[in-house]
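Only one structure is covered here, and it is reproduced in the block below.
The values are calculated or read from the model by the stated rules, or taken from the named source; none is laboratory data. Only a predicted model underlies this, so the values are computations on that prediction, with no experimental measurement involved. Here Cβ is always computed from backbone atoms with ideal geometry, including for glycine, and neighbour counts include all displayed protein chains.
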Amino acid sequence: MIIFDFLLLLKLFVHEVFGNIEAGVSFYGWQGRELKQPYYVRNSHLGYHATLHHANYFHRDQLYDLSSDPEEKVNLFHKNPEKAKELREILIRSLNTFDNRPYGEFKE
C-alpha cells in the first residue's frame, strides 16, 4: 500500500563536508575506493553495496513517483520542479520546528 505518491530525498551533509565536496577533496570508501563524495552511511561496506543497487545513490536531490516507480529507479527531481518545490517547502516547515539541527541548509 502506498500512502504517498511522491518521495523527495535531499542529501544533507554538515557544512564542512559540503565544502570538501565543492573543493574536489577525495573521499575513500570500501576497500580504499576513491569517491567524489562520501557515502551517506558510516559503514563503507554498506555504502558500497547501496551504490551497486541504486544508480541514483550519489544524486544529491531525488524525487520519485512511487505510484509508477516503486523501486525508485527514475529520478524526477529536474523533470518535475513544481512537485520538488512543493515537497521541499513541506520539509523545510517541518525541519524548522526542531531546535539545534546539525544541518542549516533549510533555513527560511
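Couple of notes before you dig in:
- Test for Phe6: is it of a type in the set (Phe, Trp, Tyr) and under 14 Å from the mean Cα position of the chain (by Cα): no
- Residues satisfying the stated conditions in region 1-20, i.e. at pLDDT 80 or above, surrounded by 15 or more Cβ atoms within 10 Å (Cβ to Cβ) and closer than 28 Å to Glu71 by Cβ: Phe6, Leu7, Leu8, Leu9, Leu10
- Check on Leu76, surrounded by 11 or more Cβ atoms within 10 Å (Cβ to Cβ), touching a helix residue (DSSP H, G or I) at 6+ places or on another chain (Cβ under 8 Å), closer than 24 Å to Asp5 by Cβ and of a type outside the set (Ser, Thr, Tyr): yes
- Some residue of region 27-37 being among the hydrophobic types (A, V, I, L, M, F, W, C) and modelled with pLDDT under 90: no
- Yes/no for His15 being touching a Phe, Trp or Tyr at 6+ places or on another chain (Cβ under 6 Å), of a type outside the set (Ser, Thr, Tyr) and more than 23 Å from Lys73 (Cβ to Cβ): no
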